[in-house]
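Okay, structure first, notes after.
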Amino acid sequence: MNRILLAVAALWTGLAVTGGALAQAPAQPASSDPQAAPALAPEVTAQRPVLQILVRGNQRVEAATILSYVLIQPGEVPNPRLVNLSIQTLYATNLFSDVRIAIDGSTMVVQVEENPIVNRVVLEGNRAVRDDRITDEIELQPRAIFTRARVQADVQRILEVYRRAGRFAASVTPQIVELSQNRVDLVFEIAEGPVTGVRRIAFVGNEQYSDRRLRGEIVTTEARWWRFFSSNDNYDPDRVEFDREQLREFYNDRGYADFRVTSAVAELTPDQRDFFVTFTLDEGQRYRFGEIAVETAIEDLDTDFLAGAVPTQAGDLYVGSLIEDSIETLTFAAGASGYAFVNIAPRVSVNRDTQTVDITYAISESPRVYIERIEIIGNTRTLDRVIRREMDIVEGDAFNQALINVSQARVRRLGFFEEVEVEPFQGSQPDRARVQVSVTEQPTGELAFGAGFSSTDAFLIDFSISERNLRGRGQFLRLRVSASSRREQVDIRFTEPRFLDRNLAAGFDLFTVRSDFSREASFETQSTGLSLRAGFPLTRALQAGLNYTIRTDEVSTFTGVTESIRRAAGGRTTSLLGYSLNWNRVDDFNNPTNGFQLAFNQDFAGIGGDVRYIRSEFQGGIYRNIFRDDIVLSFSGSAGYLYSWGGDVARINDRFFKGGNSFRGFETAGIGPRVVRRGLDDDGNERLFAGDALGGNLYAIGAVELAFPLGLPERYGIRSSLFTEFGTMGLLPDEDSLADDGSANAVFTVDQLAPRASAGLSIFWDSPFGPVRFDFAHAFVKEEYDRGRFFRFSTMTGF
């Protein structure tokens, strides 16, 4: 009896699967469709029991497997109903194209013909759609069981792929190549046909907003020749359905609570090449928010406080998306009070007479929740403890949604993971919660290559190998080698973010740098040294750091230089102790879109060594997204001052030099105090010719930048920004100043703290071999002796 029940269950399941396949494929003749219902069993006339059962025709399927589906056992009298059910059960496995059962005396013979095995699947003719887009959709794969019903179902799936790509005239012809050992090659011959575009999008019933405005709110666009990068001008029924929802959200967010799209009709053009898409709208009336109330069955929650947190007020214009925002706000407020799994149901009452919408947010009863367990999944490389130490919650704590959000931001801030999700789930009891931290690892090793070019400089090659998550422990290690005709640098940096298992980052730097400033200031330097660093948090957003550096500087000057440069020649030892403060309130450390960050650092040179000065620098930035999340306006600035003490005068190699990356539109050391020579140009006009840059003891630079997408498909990874930078640099020591004697060929220094400004465009491209950046900048406010740079690029690749 049990065998019969199992067989019936298998038959039911198999017939359901088979019926689904048949529903998608055209009807086939019974003789050629292996999924067709089998014929009835032959008439059984013998009444004596079966003594043996033989299986014939099987090649791959074991006889024991076939017999397990047969409902008659040796020693039993054949029953026509069981014989027929056995045949249907074998068909339902999809393993066989033909099944017959014959009874000869006391022997029952089960004759089967197995379905072929797919050897390979070949796609021919698909030029517009990649192979992987099709093979990911179809069911038949190499080593799968071949049936004609599955082939027809896959034909429909391929046609659907082409419909989504806007090719409604595509056709697919399956070809079967029979091979030995009951194998087949399956070939799909594809005729792609032309792209079916959207020639015109029209709206009917829109009185408040123009057709042009509504076209800008939907994804589908009208076909135009310049939109060769976009596929949104191809007709796609799924996209049109999405557009209906976009229109609903657009109108709902502008007060039209009754708005609906009554129909969206696509009609082929007379030439059968494109579609006319028409949306019929019912705008309805415009509403405002009426009475806003919060009801809760939880005594610990203050309804007045919750009502004040709701971002909607009576009398405001009705905005549909604010209802979801209000639910999120109330959920967060309840979670911050320890109630993790509250259910908030908004009751919406539309008053057409007064054109108002009353909303009551009902919070159902829920127990206070405690964290039972924190689970970390997806960290295939990073150790658990590296993630757990960033969490502001531990097992046994009261549930707090605010701390969970902070923990998620801190884990994301590590930069080790492509995606980070921290979500609460119901625990073993109603007052228990499991917190699941789901991460997706991303490459943390980086092989970086940079190159720059200008009319006054040769190519700069910069190579570095770094690992931000060494051995999954969160440690940072970098080896950098930079070389050009004028600079050579080798440095090693190591950082342990949790020194001695405390909230203390510690590290060191070893470096040697040879710099040739012959073009800028006619001197060369060779610096070798060691730096020790430590950093620790003062508050959640405020970080402090300490550092100590000892280095030797050897300065070589060229003949004919001024005294201000010649005075720096020789070797010196610098012993420097410094500190830094960093206040960071941005939403994302790597790509901030909202918030601000401020940094101040100060170094004291003179704790031993040969030089004495105090260097102070400040950097800051404010970020805001405007209009959309991917459009970010930022204002950043930096300033620095160098003060010499103890009778010392800062040498040229200790001063500030700005330009290049620090001031786009100018060459490195392109602005600031400089030695100049008065002379005549080719037209006989008097002008100043630029000489050596001398650096300055004071600088201030600001920048305003607007980052925005270029409108290309996101898969191309191209974005851009417009910027303008402005600032000044100067304050040369009196000992290094040369006076102008007024002669025709006078050589003297200029130090005017004159303003400079530039503007330009940056383009960022996430190329297949790594991110590439192009900077185009023009200095429109500058001195005649400044040195500009119009173009700069850099590239980087990860491993």
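The values are calculated or read from the model by the stated rules, or taken from the named source; none is laboratory data. For clarity, every value in this text was computed on a predicted model and none was experimentally measured. Cβ coordinates were reconstructed from backbone atoms using ideal geometry, including for glycine residues, and neighbour counts include every protein chain displayed. Note: accessible area is taken over every heavy atom of the protein model, side chains too, but ligands, DNA and RNA are not part of it. Shrake-Rupley method; radii C 1.70, N 1.55, O 1.52, S 1.80 Å.
Each 10 Å bin from 0 upward holds the following percent of the Cα-Cα pairs of region 537-664: 11, 30, 29, 18, 10, 2. Along the Cα-to-Cβ line of ALA169, 7 Å from the Cα, sits a label point; which residues in region 177-191 have backbone N less than 15 Å from it? Correct set: 191.
Taking a ≥ b ≥ c as the square roots of the eigenvalues of the alpha carbon gyration tensor, region 233-375 is oblate, as a/c is not under 1.5 and a/b does not beat b/c.
Could you size up the charge dipole of the chain around its Cα centre, putting +1 on the beta carbon of Lys and Arg and -1 on that of Asp and Glu, and report it in debye to the nearest 20?
Details: 85 positive and 108 negative charges, 308 e Å.
For this selection, approximately 1480 debye.
Label-to-label distance for ASP271 and GLU178 is 4.7 nm, based on points extended 7 Å past Cα in the beta-carbon direction.
Restriction of the trypsin sites (Lys or Arg not before Pro) in region 51-153 to DSSP coil positions whose beta-carbon has at most 15 other beta-carbons within 10 angstrom yields ARG60, ARG127, ARG130, ARG143.
Provide the gained length on full extension for the span GLN156 to VAL781, in nm with one decimal, where the gain is 0.36 nm per separating residue minus the Cα-Cα distance.
Numbers: separation 625, 0.36 × 625 = 225.00 nm, distance 6.41 nm.
Full extension of this stretch gives 218.6 nm more.
When all alpha-carbon pairs of region 145-219 are counted, what percent fall beyond 15 Å? The partial results should precede the final answer.
On the way: 1887 of 2775 pairs.
Beyond 15 Å sits 68 percent of the P(r) for region 145-219.
To the nearest 10 degrees, how steeply does helix 148-164 sit against the main Cα axis of the chain, on a 0 to 90 scale? That helix lies at roughly 30 degrees to the long axis. When all alpha carbon pairs of region 475-559 are counted in 10 Å bins from zero, the resulting P(r) reads 16, 35, 26, 17, 6, 0 %.
Put a dot 7 Å past the Cα of GLU222, heading toward its Cβ, do the same for PHE463, and the two dots end up 5.5 nm apart. Here the label points at ALA483 and GLN426, each 7 Å from Cα along the C-beta direction, are separated by 6.5 nm in the simple model.
Which FRET efficiency, nearest 0.05, do PHE689 and ILE492 yield, Cβ-Cβ r, R0 51 Å? Calculated value: 0.75. The chymotrypsin sites (Phe, Trp or Tyr not before Pro) of region 226-292 that meet both conditions, a loop assignment by DSSP and at most 14 other Cβ atoms within 10 Å of the site Cβ, are TRP226, PHE228, PHE229.
Computed from Cα atoms, the angle from the helix 401-413 axis to the main principal axis of the chain rounds to 70 degrees.
Pop out the Kirkwood hydrodynamic radius of the chain from its pairwise C-alpha distances, inverse of mean 1/r, in Å to one decimal.
Numbers: mean 1/r = 0.0290 Å⁻¹.
Value: 34.5 Å, from the Cα pair sum.
Which one of GLY507, THR360, ASN584 has its Cα pushed farthest toward the positive end of the charge dipole of the chain, where Lys and Arg give +1 and Asp and Glu give -1 at the Cβ? Final value for the positive-end residue is GLY507.
I need the shape label for region 353-472. Rule: rounded when a/c is under 1.5, else prolate if a/b > b/c, else oblate, with a, b, c from the alpha carbon gyration tensor. Here region 353-472 falls in the oblate category.
The residue among ASN84, PHE96, LEU67 whose Cα reaches farthest toward the positive pole of the charge dipole of region 41-127, with charges on the beta-carbon of Lys, Arg, Asp and Glu, is PHE96.
How about region 154-189: which GluC sites (Glu not before Pro) there lie in a loop by DSSP and see at most 15 other Cβ atoms within 10 Å?
Passing sites in region 154-189 do not exist.
Between ILE327 and ILE626, what is 0.36 nm times their sequence separation minus the Cα-Cα distance? Round to one decimal in nm. Walk me through the numbers on the way to the answer.
Numbers: separation 299, 0.36 × 299 = 107.64 nm, distance 2.39 nm.
Taking ILE327 through ILE626 to full extension adds about 105.2 nm, to one decimal.
Using +1 at the Cβ of each Lys and Arg and -1 at the Cβ of each Asp and Glu in region 108-266, identify which of PHE242, ASN182, VAL110 lies farthest towards the dipole's positive end. My answer, from the dipole projection, is PHE242.
Relative to the longest principal axis of the Cα atoms of the chain, helix 80-92 runs at roughly 20 degrees. Residues THR221, THR262, THR380, THR312 ordered from highest to lowest accessible area at a 1.4 Å probe: THR380, THR262, THR221, THR312.
In square nanometres, what is the average projected area of the Cα convex hull of region 657-799? Numbers along the way, then the final one.
Details: hull surface 45.5 nm².
That works out to 11.4 nm², a quarter of the Cα hull's surface.
Summarised as an ellipsoid, region 611-682 has semi-axes of 33, 23, 8 Å, derived from the eigenvalues of the Cα gyration tensor scaled by 5 and square-rooted, with the largest first. Extension gain, ILE614 to VAL122: 0.36 nm times the residue separation minus the Cα-Cα distance gives 169.9 nm.
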